[in-house]
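A.B. asks: Quick one: the structure is below, questions incoming.
Every read-out reported here was derived from the displayed coordinates using simple, explicitly stated rules and does not represent laboratory data. Everything numeric here is computed off the predicted structure, so don't read it as measured data. In this analysis, Cβ positions are derived from the backbone assuming ideal geometry, glycine residues included, and neighbour counts consider all displayed protein chains.
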Amino acid sequence: MLKILVTGAAGLLGGEVCARLVEAGHAVTGLTHRNPEIRANDGSPVPVETLHGDISLPRFGWDEDEFATIAQSHDLLLHCAATVRFDLAEDDYHAVNVEGVRHALALAAAGGMGFLHVSTAYVCGARDGAIAETDPLPEGGFANGYEASKAAGERLVRASDLRWAIARPSIVVGEHQSGAIRQFDTTYAAFKLIAEGRVKHMPARSGATLDFVPLDHVAAGLVAMAERINEASGGTFHLLSGQPLAVEAFTGAIGAYPQFHEPELVAPEAFEPAQLPALERRLFRRVAGLYASYFQRDPHFGDTGFRALTGLACPPTGDAYIRRLIDYCIESGFLPRA
């Protein structure tokens, strides 16, 4: 049994990871900030001890005694906490995704904990083609401030003297069998605008692909990595489908539903937001446009190291899975019925 402190425990991924760690018999402490409720992806409460703290503050805002006590009472820090929005100022990303990592590393160091850091596969930047877990972390070429900040956080982890490992999920969406997801944010917000026809045009490059990974595969992978932190130490691991989905297949799946609109995909060099109708232009700039870069890349992520470490492989994520994701959005009321 491990004593594990999970930051970002009230988040979508953090809550499901906490639930699975408890089920596996580990003693879990969940760090929360604004939202005190820790829930699994099915919405059920997770019975763990909770702590309130702010990762953007030194010592998470705790006094020295509390900081020392918490540090000494855990074996592993699983750092899920991050801002995953794409529309923030650089200072906001730095405070949470960079300084937050620095403060989490300090806590782990004070207690001699192992450190499992959740990053993103898209720290690869605008690269296409094969991307291995062992490829060097790029210095630039990122599509947005989120990616850049996650890369900066990784650099801090790599420079530490801890037993660390880095987990890099791709685009996390609903569970594999049901398509279920507890909260609709980030990618889903853009998806809703496109499906409902409020954003009818997207810049997309021919041959671009998306790597959608089921939430349950990522959560299971993080638990397996936590339990093998000594073997994983010093390694970087991709938690993803490894089954790139053509952007045209994704938008075509949306258009296959009679109540939804299939967006027109426009070559990036021919796309001009200023020429869109006023409402669509605002929605594109505020939401959908933040994700446009993902419609223009073709990364093929490898997960050889992750499979060797955990024995886990992502199940198929083709057309049938995409339909399950859409069907769940309809059944839950997030998207309209026909």
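A.B. asks: Read through the labelled values (i) 19.4; (ii) 21.7; (iii) 20.5 and report the label of the one computed as Kirkwood radius over Cα pairs in Å from the structure.
C.D. replies: (iii)
A.B. asks: On full extension of the chain, what length is gained from T304 through R285, given 0.36 nm per residue of separation minus the C-alpha to C-alpha distance?
C.D. replies: Numbers: separation 19, 0.36 × 19 = 6.84 nm, distance 3.73 nm.
Contour length minus the Cα-Cα distance gives 3.1 nm.
A.B. asks: Hey, another quick one. So what's segment 1-160 giving for Cα Rg divided by 2.2 N^0.38 Å, two decimals?
C.D. replies: Values: Rg = 15.8 Å, N = 160, 2.2 N^0.38 = 15.1 Å.
Cα-based Rg divided by the globular estimate yields 1.04.
A.B. asks: Can you pull out the GluC sites (Glu not before Pro) in segment 221-315 that DSSP calls coil and that have at most 14 other Cβ atoms within 10 Å? Display every interim value, and only then the final one.
C.D. replies: On the way: sites: E227, E231, E248, E264, E269, E280; in loops: none.
Answer by residue number: there is no such site.
A.B. asks: Quick check: Cα centre of segment 255-289 to Cα centre of segment 163-229, how many Å?
C.D. replies: 21 Å
A.B. asks: Once the cut-off is 19 Å, how many percent of the Cα-Cα pairs in segment 162-235 end up in the long-distance tail?
C.D. replies: Details: 1439 of 2701 pairs.
Cα-Cα pairs in segment 162-235 separated by more than 19 Å: 53 percent.
A.B. asks: Okay, moving on. So how much slack lies between Q72 and E49, counting 0.36 nm per residue of separation and subtracting their Cα-Cα distance, in nm? Please list the in-between numbers first.
C.D. replies: Values: separation 23, 0.36 × 23 = 8.28 nm, distance 1.58 nm.
Contour length minus Cα-Cα distance gives 6.7 nm.
A.B. asks: Run the dipole for the chain about the Cα centre, Lys and Arg Cβ at +1, Asp and Glu Cβ at -1, nothing else charged, and hand back the magnitude in debye, nearest 20. Before the final figure, lay out the partial values.
C.D. replies: Numbers: 28 positive and 41 negative charges, 95 e Å.
Computed charge dipole of the chain: roughly 460 debye.
A.B. asks: Defining a contact as two alpha carbons under 8 Å apart and six or more residues distant in sequence, what relative contact order in percent does segment 1-134 show? Walk me through the numbers on the way to the answer.
C.D. replies: Numbers: 221 pairs, mean separation 33.1, N = 134.
Reported as a whole number, the value is 25 percent.
A.B. asks: If you wrap a convex hull around the Cα atoms of segment 110-250, how much volume per residue is inside, in Å³?
C.D. replies: Numbers: hull volume 20.0 nm³, N = 141.
Enclosed volume per residue, from the Cα hull, is 142 Å³.
A.B. asks: Which cross-chain or sequence-distant (5 or more) residues have an amide H under 5 Å from the amide H of G197, H modelled 1.01 Å from N in plane?
C.D. replies: For G197, whose amide H was placed from the backbone, the distant partners under 5 Å are H261.
A.B. asks: While we're looking at this one, here's another question. Based on the alpha-carbon gyration tensor of segment 277-338, what equivalent-ellipsoid semi-axes (square roots of 5 times the eigenvalues) come out, in whole Å, largest first? Could you put the intermediate results ahead of the total?
C.D. replies: Details: eigenvalues 197, 86, 17 Å².
The answer is 31, 21, 9 Å, longest axis first.
A.B. asks: For segment 62-121, what percent of Cα pairs sit more than 13 Å apart? Kindly include the intermediate steps, with their values, before the conclusion.
C.D. replies: Numbers: 1123 of 1770 pairs.
Every Cα pair in segment 62-121 considered, those over 13 Å come to 63 percent.
A.B. asks: Segment 85-150: which GluC sites (Glu not before Pro) are DSSP loop and have at most 16 other beta-carbon atoms within 10 angstrom? Don't jump to the answer; show the numbers that get you there.
C.D. replies: On the way: sites: E90, E99, E133, E139, E147; in loops: E133, E139.
Within segment 85-150, the qualifying GluC sites (Glu not before Pro) (loop, at most 16 other Cβ atoms within 10 Å) are E139.
A.B. asks: Further, regarding this structure: What does the extension gain come out to for R102 and E264, with contour length at 0.36 nm per residue minus their alpha carbon separation? Can you show the working numbers first?
C.D. replies: Working: separation 162, 0.36 × 162 = 58.32 nm, distance 4.29 nm.
Going from the current span to full extension adds 54.0 nm.
A.B. asks: Please find the FRET efficiency linking D87 to K3, where r is the Cβ-Cβ separation and R0 is fixed at 35 Å, and quote it to the nearest 0.05.
C.D. replies: Values: r = 37 Å, r/R0 = 1.05.
That gives a FRET efficiency of 0.45.
A.B. asks: Percent of alpha carbon pairs in segment 206-338 separated by more than 23 Å? Spell out each step's value before the answer.
C.D. replies: Working: 4249 of 8778 pairs.
Value for segment 206-338: 48 percent of Cα pairs lie more than 23 Å apart.
A.B. asks: How long are the three semi-axes of the equivalent ellipsoid of segment 11-52, in whole Å, if each is the root of 5 times an eigenvalue of the C-alpha gyration tensor, listed from largest down?
C.D. replies: Numbers: eigenvalues 44, 30, 11 Å².
Here the semi-axes work out to 15, 12, 7 Å.
A.B. asks: For L57 and R155, what does the FRET efficiency come to when R0 = 25 Å and r is the distance between their Cβ atoms, rounded to the nearest 0.05? If you can, show how the numbers build up before the last one.
C.D. replies: On the way: r = 21 Å, r/R0 = 0.84.
Step by step, r from the Cβ atoms, then E = 0.75.
A.B. asks: What does the net charge come to around N35 if you take all other residues with beta carbon closer than 14 Å to its beta carbon, with K and R at +1 and D and E at -1? Display every interim value, and only then the final one.
C.D. replies: On the way: positive: R34, R39, R182; negative: E37, D54, D185.
Summing Lys and Arg as +1 and Asp and Glu as -1 gives 0.
A.B. asks: Computed FRET efficiency, Cβ-Cβ of L312 and D185, R0 25 Å: what is it to the nearest 0.05? Could the numbers behind the result be given before it?
C.D. replies: Working: r = 26 Å, r/R0 = 1.02.
Calculated transfer efficiency: 0.45.
A.B. asks: How big is the dipole moment of segment 51-157 about its Cα centre under a simple scheme where the beta carbon of each Lys and Arg is +1, that of each Asp and Glu is -1, and everything else is neutral? Debye, nearest 20, please. Walk me through the numbers on the way to the answer.
C.D. replies: On the way: 6 positive and 17 negative charges, 42 e Å.
My answer is approximately 200 debye.
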